[in-house]
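Accompanying notes for the structure given below.
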Amino acid sequence: MTPGSIVVGVDGSEHAARAVQWAVEQAGFENRPLVVVNAAGQGDVLGAAWADAARTYPYGPSDILSGSRAIVDDAIELARSIRSDLTIVPMPLVGDPRQALVDLSSHAHLIVVGSRGRGTFRSMLLGSVSASVSRSAACPVIVCRPAAAGPLTHGVAVGADGTPESLSVIEFAFQQASFRDLPLTVVHCFWDAAAAAEGVAELPRGEESPESQADLRLLLSQSIAGLSEKYPDVEVTLRLTHGLVDEGLAAMTEGASLVVVGRHPRQGLSRVLSVAVATAVVERAHCPVAVVPESDRA
């Protein structure tokens, strides 16, 4: 695989087809090669090897790989029908699809996967491909969720906390908004006593106190100043909401083209919390979600 390629994971489903469409569009924007990956499940491989030894199962790893190749070929045909000028690399594999995509993420520019939307709790238990890869990948992961009915009117949204580590996440959102000629909303969610009783709510300009929310708005403005100059074509709106971060960002996915959320790179409580937020947003979203590793400045 050429380093810097866009990798899309496919399994022959309609959810994977949605991921292929997104990945093809992105590869065209960035003029990058597209790698189409299917990996036969590890359980299938182990079962086939054991049964073949007993001469009771007719399929071996080569047959499984042939099936994987057929799925990749169908996805490439779809990609070619959307855009014929892309460089597309087929990659049928035998193994665990989650581990295969995480391994590829070390050299990829982006990983793109579909999502069936099985719900947060069940997804955490079963270790779905989209949840597992977005938790562990070294590069940004795009999880292509089913879109809600209705027009896409909100452009791109990104969660921001004003820290230096989150600048890479915000810049990713600026890039995507610029590629698609869409407005960008930079959202900062904060917790206060009212949130416990009232849930997520936007705080209109002028209602913040000088000691707290006004400072948060200034922090947001400062965090995007350089990026606004770098991407002058992107119309930016700053938005403060009080409530839980995952609920605030998930609410933004109604009518959005893309929601971007960060994931802390280090171990410890901060990583656990950021991964939990990212997973919750992915599972609740009604649009594609980008989970972007934050830069590690430690």
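See the values below:
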{"read-out": "The range 31-84: number of residues that are crowded, with 18+ Cβ neighbours inside 10 Å, at pLDDT below 95 and not in a helix (DSSP H, G or I)", "value": "3"}
{"read-out": "The range 257-276, residues that are crowded, with 19+ Cβ neighbours inside 10 Å, modelled with pLDDT of 70 or more and out of contact with any Ser or Thr (no Cβ under 8 Å at 6 or more places or on another chain)", "value": "Ser257, Leu258, Val260, Val261"}
{"read-out": "Residue list for the range 85-122, restricted to those being part of a loop (DSSP other than H, G, I, E, B), modelled with pLDDT of 95 or more and surrounded by 16 or more Cβ atoms within 10 Å (Cβ to Cβ)", "value": "Leu86, Ser105, Ala108, His109"}
{"read-out": "Residue check for Pro288: modelled with pLDDT of 85 or more and touching a Ser or Thr at 6+ places or on another chain (Cβ under 8 Å)", "value": "yes"}
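The values are calculated or read from the model by the stated rules, or taken from the named source; none is laboratory data. Here the structure is a predicted model, which is why all the values come from computation and not from measurement. Every residue, glycine among them, receives a Cβ derived from its backbone with ideal geometry; neighbour counts consider all protein chains shown.
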